[in-house]
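None of the figures in this text is laboratory data; all of them are computed from the coordinates on show. These figures come from a predicted structure and were not determined experimentally. Cβ atoms come from the backbone with ideal geometry, glycine included; neighbour counts cover every protein chain shown.
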Amino acid sequence: MQLKITVLCDNIVGLKSNLLGEHGLSILIERGDKSYLFDSGQGHTLFHNAVSLGKDLRKVKKIFLSHGHYDHTGGLEKVLALKGERDIWIHPYAFLPRFSIENGDETKIRNIGIRCSWIQLEKMGGRFHFINSFIEIEEGIYLTGEIPRTSSFEKGDEDLRIELDGKLVHDICMDDQSLVIKSPKGLIILFGCAHAGIINTLMYIQEKMGPRKIFAVIGGTHLNSADEFQLGETFRYLRDLPFEKLGVSHCTGLKATNYLMNHLKERLFIAHTGFTFEV
C-alpha cells in the first residue's frame with residue numbers, strides 16, 4: 001500500500017515555489033485511498049498550499065492533533081467548513097487555556113491556545129475523541145498519548161503556562177503526542193512540536209512497540225531553545241538509534257538544524273512546506 005506524506009504548512013518554504021510559509025505545522029498523510037491530517041497549522045496558508053500541491057482536503061477522514069497550541073490547530077474551523085463531520089483525535093488537556101510569557105516576565109503574557117472551544121467545533125461537525133494513552137487508531141496507525149518524561153536533559157519550555165483550577169502554572173504540555181505509522185521500510189514517526197522531548201518520545205515508542213526499525217522521523221523537534229548540552233545529548237542518543245532519516249521543521253530552529261546536519265550528515269533533511277515523502 002503506497003504511503004505519501006506531504007508537509008502542507010511549515011515555517012520554511014522551498015525555493016522556486018508558489019507555496020506560503022507560516023509559523024505552524026500541518027502534515028497530510030495519504031495511505032492507499034485514505035487521507036489523514038496531522039495538525040492544521042494556524043490556518044493562514046493551509047488551503048492555498050493544499051490547492052497548489054493538488055491536495056483535496058475534503059477527502060480527509062480523520063484529523064490527529066499533536067497538542068493544543070494555535071499554530072497546530074488554527075486551521076480546524078476551515079477544514080470542518082469544507083465538509084463537516086470529521087473524527088478528531090486529541091488529548092483532553094488540549095482545550096485548556098494556554099499562554100506564553102516573554103523572557104520570564106509574567107506581566108507580558110500571550111494567548112497561544114486553541115482559538116475555538118470544542119463545543120463550537122463540534123457544532124461544525126467535529127467528532128472529538130479524547131485520549132491520553134497509546135492507542136492504535138486503525139491498522140498500522142498509532143497515537144502515543146501522554147509521553148513519560150524520563151530523560152534528564154530535555155527540560156521543555158520554561159515560558160509556557162496553562163490554567164488549572166483558576167491558576168496559571170508551568171505548562172509541561174502533557175497533551176503533547178506524536179503519530180506512528182507502520183510501513184514496509186520501518187516506522188514513520190510524526191512530531192508536532194515534541195514538547196515532551198524527541199528522545200523521550202522515541203524511547204516511549206520503542207517501549208510500546210518494541211525495538212523496531214525507524215525509517216523516518218518528521219516534524220517539529222522543539223530544539224530551538226536547546227543549549228549545547230541538550231543538543232549534544234540528543235545527538236548521542238540519535239547516533240545509535242536505528243533510523244534512516246530525520247526531517248526537521250517548524251520549531252527546530254536554525255542553530256539546532258545546523259548542529260544536527262553537521263553531525264547526522266545525509267540522515268538529516270529539512271521537511272519544509274511542500275516536502276513530499278513517499279514509501
Which residue, Ser117, Ala194, Gly247, has the largest displacement toward the positive end of the dipole of region 3-278 when charges sit on each Cβ (Lys, Arg +1; Asp, Glu -1)? Gly247
Mind checking the full-extension length gain between Lys213 and Leu20? Use 0.36 nm per residue of separation minus the Cα-Cα distance, one decimal, nm. 66.1 nm
Find the centroid of the Cα atoms in region 234-266 and in region 56-75, then give the distance between the two in whole Å. 26 Å
Ranked output for segments 125-131, 189-195 by mean other Cβ atoms within 10 Å, highest leading, reads 189-195, 125-131
Mind ranking 91-98, 11-18 by how tightly packed they are, going by the mean number of other C-beta atoms within 10 angstrom, highest first? 91-98, 11-18
Over 19 Å between Cα atoms: which of Lys4/Lys62; Lys182/Lys208; Lys4/Lys59; Lys59/Lys245 fall into that group? Lys59/Lys245
About its Cα centre, what dipole magnitude does the chain give when the only charges are +1 on Lys and Arg Cβ and -1 on Asp and Glu Cβ, stated in debye to the nearest 20? 960 debye
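Highest mean first, how do 45-52, 30-37, 207-214, 263-270 rank when packing is the count of other Cβ atoms within 10 Å averaged over residues? Don't skip to the answer; put the middle values down first.
Details: 45-52: 19.5, 30-37: 17.1, 207-214: 12.8, 263-270: 14.5.
Final packing ranking: 45-52, 30-37, 263-270, 207-214.
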Considering only DSSP beta bridges where both residues belong to region 144-250, give the percentage that are antiparallel (nearest 5). 45 percent
Formal net charge of residues neighbouring Val60 (Cβ-Cβ distance under 15 Å; K, R +1; D, E -1): +4
Take Ile27, Ile181 and order them by how many other Cβ atoms sit within 10 Å, fewest up front. Ile181, Ile27
Compare the Cα positions of Pro211, Ala94, Ser151 along the charge dipole of the chain (+1 at Cβ of Lys, Arg; -1 at Cβ of Asp, Glu; about the Cα centre) and return the one farthest towards the positive end. Pro211
Report, by chain and number, residues whose modeled amide H sits under 5 Å from the one on Lys245, excluding near sequence neighbours (fewer than 5 apart, same chain). Ala216, Val217
Taking every DSSP bridge whose two residues both lie in the chain, the antiparallel percent to the nearest 5 is 60 percent
Where in region 49-106 are there GluC sites (Glu not before Pro) that are in a DSSP coil and have at most 14 other Cβ atoms within 10 angstrom of their Cβ? Glu85
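After finding the eigenvalues of the alpha carbon gyration tensor for region 3-278, what semi-axes result from the square roots of 5 times each, listed largest first in whole Å?
Values: eigenvalues 124, 110, 71 Å².
Ellipsoid semi-axes (Å, largest first): 25, 24, 19.
Which FRET efficiency value, to the nearest 0.05, is calculated for Ile119 and Leu168 with the Förster distance at 25 angstrom and r the Cβ-Cβ distance?
Details: r = 23 Å, r/R0 = 0.92.
About 0.60, to the nearest 0.05.
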Using the Cα centre of region 26-175 as the reference point, and only Cβ charges (+1 on K/R, -1 on D/E), how large is the resulting charge dipole? Debye, rounded to the nearest 20. 640 debye
